[in-house]
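The values are calculated or read from the model by the stated rules, or taken from the named source; none is laboratory data. All values reported here derive from a predicted model rather than from experimental measurement. Glycine gets a Cβ as well: all are built from the backbone with ideal geometry, and neighbour counts include every protein chain shown. SASA here: full protein model, heavy atoms, side chains in, ligands and nucleic acids out. Shrake-Rupley method; radii C 1.70, N 1.55, O 1.52, S 1.80 Å.
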Amino acid sequence: MPTFEYAPAPESRAVVDIASSHGLFIGGEFVEATGGTAFKTVNPATEEVLSEVSEASADDVDAAVRAARTAYTRVWSRMSGADRGKYLYRIARIVQERARELAVLETLDNGKPIKESRDVDIPLVAAHFFYHAGWADKLSYASLGENPRPVGVVGQVIPWNFPLLMLAWKVAPALATGNTVVLKPAETTPLTALLFAEICRQADLPPGVVNIVTGAGATGQAIVDHPGIDKLAFTGSTGVGKMIARSIAGTRKRATLELGGKGANIVFDDAAIDQAVEGIVTGIFFNQGHVCCAGSRLLVQENVADEVLRRLKRRLGTLRVGDPMDKNTDVGAINSKAQLERIQALTEAGEAEGAERWDSGCELPAHGYWFRPTVFSGVAQTHRIAQEEIFGPVVSVLTFRTPGEAVAKANNTPYGLSAGVWTEKGSRILWMADQLRAGVVWANTFNKFDPTSPFGGYKESGYGREGGRHGLEAYVTTGGGQ
Ligand code: NDP
């Protein structure tokens, strides 16, 4: 029950000026798509059309790859690391200077709360460019192998859940290591990538080093299939990741794939329960649960399960769901109608399979795409809501009795991206981290990101690491020769 009411605290959108239509960013210029087709991008909180964005054809992708190749051979691969670093530092500083504009645009196009885009996404974007700027002239000291050199032209396809942050995860290491880039943002969230293109111009980045082609799946496929691409970096669904792996099998193309997850957030009976409840909320309701490493399976030790559930439900009753532009909002809009339908279908399956459904009953706005924070208890490991990625504000609660059972249940998934452990015992944290088949294990916290820390998965969560020294490896070739 709320103890007091919040007054509205709307962020102003006057800081952004959204053009009614956008072209593609190829060779340092904004150009029209050759096919002449375009699609609309909407604000998922209101269904208002924000802009029309060009749809890149295979010919446009070809032009972008050629521009990237020319920039690679003539300029970027020849430039000293120290000089490349200067451009990355410049981009990082401009991101900081234009942080408010980027945060507002991200929230309008994606639906995430402004306090998240302002305090998490955009600061992390700047941090990724600062961090990789520092590596640009130190690659030979990064233990990457003998004579680290760029791979060439990199194709990058990113999702809609952290649009600009995923761009930063991809573009910063590629540029720091001397590669050039053709990037496709997701169809529903292209606007911050296009503003980033403007930032590249503002930073005087040599034309063709970064190219941004907007479009849907077919544009992504054209990047994957283009023979001029040396390496692919993809973040998105496991289904599309598998298609990409099949498409490039037998070619010389390299790939890193960052795919889905079904992270276990494990609460032992000796954990500080209130902190654990905050961690459960951060784990699954941050960014509407549109997080590949979300703690979407809550495993609670049986003797504290009732208490944890009681406190969790009370806490969810205080979450503010609604206008993402309000600075007090905790949970914003679902990114698209299609994603809302996916969440609805899976939660209906959860009920049909016999799990017990609960939501906070909060009021939802009349327009836009919304879903109440939802808890399923009595979930069995075989239920679809325990196995499949819902990618929404829905947590599936299971119980366990012993640490061994917790590990067995946590690892009983085709995915292997993340896990969390809540306990007061350091030795148990270390033992669990060793047993859990997950790329990231958080202890007494969840969903913490840092550019110095490698991120990536096992099994169907993909392969390769992004971030940290390990993340550089994917973007260099080593050994003798040129
Ligand atoms: P997708 O995997 O379809 O989208 C990710 C990116 O890949 C987008 O830029 C998309 O373009 C592009 N793409 C789509 N098809 C192809 C293709 N054949 N070749 C190359 N690129 C392609 O994810 P969805 O948006 O469809 O989401 C579906 C589910 O995937 C979610 O419910 C969630 O479970 C999971 N997901 C996981 C993410 C993660 O971070 N691990 C991120 C996003 C989704 P476009 O957007 O234009 O279709």
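Would region 417-438 turn up any residue that is small (Gly, Ala, Ser), within 16 Å of the ligand (Cβ to nearest atom) and in a helix (DSSP H, G or I)? No, every residue in region 417-438 fails to be small (Gly, Ala, Ser), within 16 Å of the ligand (Cβ to nearest atom) and in a helix (DSSP H, G or I).
Every residue, every condition in (1) touching a residue at least 60 places away in the same chain (Cβ under 8 Å); (2) of a type outside the set (Asp, Glu); (3) within 16 Å of the ligand (Cβ to nearest atom), yes or no:
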| site | (1), (2), (3) |
| --- | --- |
| Asp119 | no, no, no |
| Pro123 | no, yes, no |
| Ala142 | yes, yes, no |
| Val151 | yes, yes, no |
| Pro163 | no, yes, yes |
| Met166 | yes, yes, yes |
| Lys170 | yes, yes, yes |
| Ala176 | yes, yes, no |
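Within the option set Gly241, Gly220, Gly215, Gly250, being farther than 30 Å from Ala305 by Cβ and without any contact (Cβ under 8 Å) to a residue 12 or more places away in the chain holds for one residue only, Gly250.
Those strands (runs of 3 or more DSSP E) of region 1-102 in which at least 1 residues are closer than 16 Å to Pro185 by Cα and among the basic types (Lys, Arg), considering only elements entirely within it, cover 38-43. Name the single residue, out of those in region 369-390 being open to solvent by 40 Å² or more (accessible area, probe 1.4 Å) and touching a residue at least 60 places away in the same chain (Cβ under 8 Å), that is farthest from the chain's Cα centre (by Cα). The extreme case among them is Gln387. Within the set Tyr131, Tyr89, the sole residue that is touching a helix residue (DSSP H, G or I) at 6+ places or on another chain (Cβ under 6 Å), more than 30 Å from Pro10 (Cα to Cα) and either of a type in the set (Ser, Thr, Tyr) or not assigned by TED's automatic domain parsing to the domain that holds Gly464 (or both) turns out to be Tyr89. Take Thr256 and decide whether it is open to solvent by 10 Å² or more (accessible area, probe 1.4 Å), assigned to a strand (DSSP E or B) and either at pLDDT 95 or above or not basic (Lys, Arg) (or both). Yes: the conditions hold for Thr256.
Can you confirm whether region 343-352 contains a residue that is in the same structural domain as Leu319 (by TED's automatic domain parsing), within 16 Å of the ligand (Cβ to nearest atom), farther than 13 Å from Ser296 by Cβ and open to solvent by less than 50 Å² (accessible area, probe 1.4 Å)? Yes, there is a match, as at least one residue in region 343-352 is in the same structural domain as Leu319 (by TED's automatic domain parsing), within 16 Å of the ligand (Cβ to nearest atom), farther than 13 Å from Ser296 by Cβ and open to solvent by less than 50 Å² (accessible area, probe 1.4 Å).
Annotation note: of Val291, Val300, Val267, Val277, the sole residue that is within 11 Å of the ligand (Cβ to nearest atom), buried (at least 20 other Cβ atoms within 10 Å of the Cβ) and of a type in the set (Val, Ile, Thr) is Val291.
Among the criteria (1) in a loop (DSSP other than H, G, I, E, B); (2) open to solvent by 20 Å² or more (accessible area, probe 1.4 Å), the one Arg315 does not fulfil is (1).
Taking the criterion of being of a type in the set (Gly, Ala, Ser) and either out of contact with any helix residue (DSSP H, G or I) (no Cβ under 6 Å at 6 or more places or on another chain) or surrounded by 22 or more Cβ atoms within 10 Å (Cβ to Cβ) (or both), the residues of region 356-368 that qualify are Gly361, Ala366, Gly368.
Yes or no, residue by residue, for (1) aromatic (Phe, Trp, Tyr); (2) open to solvent by 10 Å² or more (accessible area, probe 1.4 Å); (3) under 23 Å from Leu50 (Cα atoms); (4) at pLDDT 95 or above:
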site: Pro159; (1), (2), (3), (4): no, yes, yes, yes
site: Thr177; (1), (2), (3), (4): no, no, no, yes
site: Val182; (1), (2), (3), (4): no, no, no, yes
site: Ala203; (1), (2), (3), (4): no, no, no, yes
site: Thr214; (1), (2), (3), (4): no, no, yes, yes
site: Gly228; (1), (2), (3), (4): no, yes, no, yes
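Just wondering, is there one or more residues in region 335-353 that are in a strand (DSSP E or B) and either at negative phi or modelled with pLDDT of 95 or more (or both)? No: zero hits. Taken over region 227-240, the criterion of being out of contact with any Gly (no Cβ under 7 Å at 6 or more places or on another chain) and more than 18 Å from Met166 (Cα to Cα) is satisfied by Pro227, Gly228, Gly239. Taken over region 456-470, the criterion of being in contact (Cβ under 8 Å) with a residue 40 or more places away in the chain and more than 16 Å from the ligand (Cβ to nearest atom) is satisfied by Arg469 alone.
Condition check ((1) in the same structural domain as His367 (by TED's automatic domain parsing); (2) out of contact with any helix residue (DSSP H, G or I) (no Cβ under 7 Å at 6 or more places or on another chain); (3) open to solvent by 50 Å² or more (accessible area, probe 1.4 Å)) across all residues:
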{"position": "Ile26", "(1), (2), (3)": "no, no, no"}
{"position": "Thr34", "(1), (2), (3)": "no, no, yes"}
{"position": "Val42", "(1), (2), (3)": "no, yes, no"}
{"position": "Thr46", "(1), (2), (3)": "no, yes, yes"}
{"position": "Ser77", "(1), (2), (3)": "no, yes, no"}
{"position": "Gly85", "(1), (2), (3)": "no, no, no"}
{"position": "Arg100", "(1), (2), (3)": "no, yes, yes"}
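When residues in region 217-237 are screened for being within 14 Å of the chain's Cα centre (by Cα) and more than 6 Å from the ligand (Cβ to nearest atom), 2 of them pass.
Residues that are out of contact with any Lys or Arg (no Cβ under 8 Å at 6 or more places or on another chain) and not in a helix (DSSP H, G or I) were ranked within region 398-416; the one that is most open to solvent (accessible area, probe 1.4 Å) is Arg401. Return yes or no: is Thr251 among the β-branched types (Val, Ile, Thr), away from the ligand (no atom under 11 Å from the Cβ) and more than 23 Å from Phe30 (Cβ to Cβ)? Yes: the conditions hold for Thr251.
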